[in-house]
Amino acid sequence: MLQTGTKRFRTHILGQNCLYFKELDSTNTYLKEHGGSLAHGTTVIAGRQTQGRGRLGRAWSSDEHTALYMSVLLKNIPQPISQSLPSLCGLATVKALEKLTGREFLIKWPNDVICLEKKVVGILCEGRLCGEQSYYVCGIGVNVLQDRAFFARNGLDHGGSILTQTHRVKTLEAVAESILIELEALLDVFVQEGFTPLLPAYKRHCVNIGREVRVITGETEQHGICVDVCADGSMLVDFCGQTKKICAGETSVRGFYGYV
Ligand code: BTN
């Protein structure tokens, strides 16, 4: 089990200052509140979250000891590339889980990580302006050891864990470490050159490209074909011959999560 206090992962910076809490409202909320006085790379892990937050204002459910709730504090990220942080975290997580399990993981734009059509990881990146400085919090929730009954009990029809999808039993520490190692490596490239050099790897893992997608923005629902994803973290969708850039909102991909 993860221990309280400082923990050393096999990384140089990310996670070298690691704060572990048995219970927190949300690891993202903690780092948003305290990030101004903490070092770049500080990582917060909670055994359980009482108010875990997901994208689009949704809640992220919590299950003690079977899931990883981790947030990483990133400072000195050039503002123009910060909108690609979700893509960066998605790619780092996919690479980490593929290395750890030997199975294929894919990305549903912008950063749901899926394996055999079930969502295994959710990622929420948030920014905070603190005086003249801004910092970013990358929250990563990984379903690691839950069984099928957990997802059924909680009405999470589209959810799966590393266990249910790969039949591999991995510790929360191993999952955390592998993600931090990959994120650290990609971050070096990202800060120097932006997301462009990482885009081909992201695209290779992205399930959206070439598929029919449903885009919900506010009250409007539109169906189109995803033609590309871009280095700025957006997705290009062709709606009956008119290509639009989608930057946010809820999207579904035909063939995934019950969208038929
Ligand atoms: C999603 O909606 O898919 C994103 C879910 C993000 C959940 C993680 S768990 C760790 C961190 N703390 C939070 O409150 N949320 C993120």
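Would you point out which residue out of E132, E104 is modelled with pLDDT of 95 or more, surrounded by fewer than 22 Cβ atoms within 10 Å (Cβ to Cβ) and not polar (S, T, N, Q)?
Testing whether each residue is modelled with pLDDT of 95 or more, surrounded by fewer than 22 Cβ atoms within 10 Å (Cβ to Cβ) and not polar (S, T, N, Q) leaves just E104.
Just for the stretch 58-92: of the residues that are among the hydroxyl-bearing types (S, T, Y) and away from the ligand (no atom under 11 Å from the Cβ), which one is farthest from the chain's Cα centre (by Cα)?
Out of the qualifying residues, it is T66.
Against the conditions (1) more than 14 Å from the ligand (Cβ to nearest atom); (2) at pLDDT below 95; (3) not in a helix (DSSP H, G or I), where does P110 fall short? Just the number, please.
It fails just one condition, (1).
Mind listing whichever residues of the stretch 41-57 are in a loop (DSSP other than H, G, I, E, B) and either buried (at least 17 other Cβ atoms within 10 Å of the Cβ) or near the ligand (Cβ under 9 Å from one of its atoms) (or both)?
G41, T42, G47, Q51, G52, G54
Which members of the stretch 154-184 meet the condition of being of a type in the set (A, V, I, L, M) and closer than 28 Å to I246 by Cα?
L156, I179, L183
Going by the structure shown, is V169 over 20 Å from the mean Cα position of the chain (by Cα) and under 25 Å from K99 (Cβ atoms)?
In short, yes.
So in the stretch 234-260, with the set limited to residues that are more than 18 Å from G57 (Cα to Cα) and in contact with a Leu (Cβ under 8 Å, 6 or more places away or on another chain), which one is surrounded by the most Cβ atoms within 10 Å (Cβ to Cβ)?
Restricting to residues being more than 18 Å from G57 (Cα to Cα) and in contact with a Leu (Cβ under 8 Å, 6 or more places away or on another chain), the top hit is I246.
Going through E98, E104 one at a time, which residue ends up being without any contact (Cβ under 8 Å) to a residue 60 or more places away in the chain, out of contact with any Phe, Trp or Tyr (no Cβ under 6 Å at 6 or more places or on another chain) and either in a helix (DSSP H, G or I) or away from the ligand (no atom under 14 Å from the Cβ) (or both)?
Exactly one of E98, E104 is without any contact (Cβ under 8 Å) to a residue 60 or more places away in the chain, out of contact with any Phe, Trp or Tyr (no Cβ under 6 Å at 6 or more places or on another chain) and either in a helix (DSSP H, G or I) or away from the ligand (no atom under 14 Å from the Cβ) (or both), namely E104.
Would you mind listing the strands (runs of 3 or more DSSP E) fully within the stretch 129-239 where at least 3 residues are touching a helix residue (DSSP H, G or I) at 6+ places or on another chain (Cβ under 8 Å) and in contact (Cβ under 8 Å) with a residue 12 or more places away in the chain?
So the answer is 133-143.
Just the residues that are surrounded by 18 or more Cβ atoms within 10 Å (Cβ to Cβ), touching a strand residue (DSSP E or B) at 6+ places or on another chain (Cβ under 9 Å) and β-branched (V, I, T), please, taken from the stretch 58-82.
Result: V72, I77.
On the given criteria, is I13 within 11 Å of the ligand (Cβ to nearest atom), at pLDDT 95 or above and within 22 Å of A185 (Cβ to Cβ)?
no
The values are calculated or read from the model by the stated rules, or taken from the named source; none is laboratory data. All of these numbers come straight from a predicted model, not from anything done at the bench. Glycine also receives a Cβ, built like all others from the backbone with ideal geometry; neighbour counts cover every protein chain displayed.
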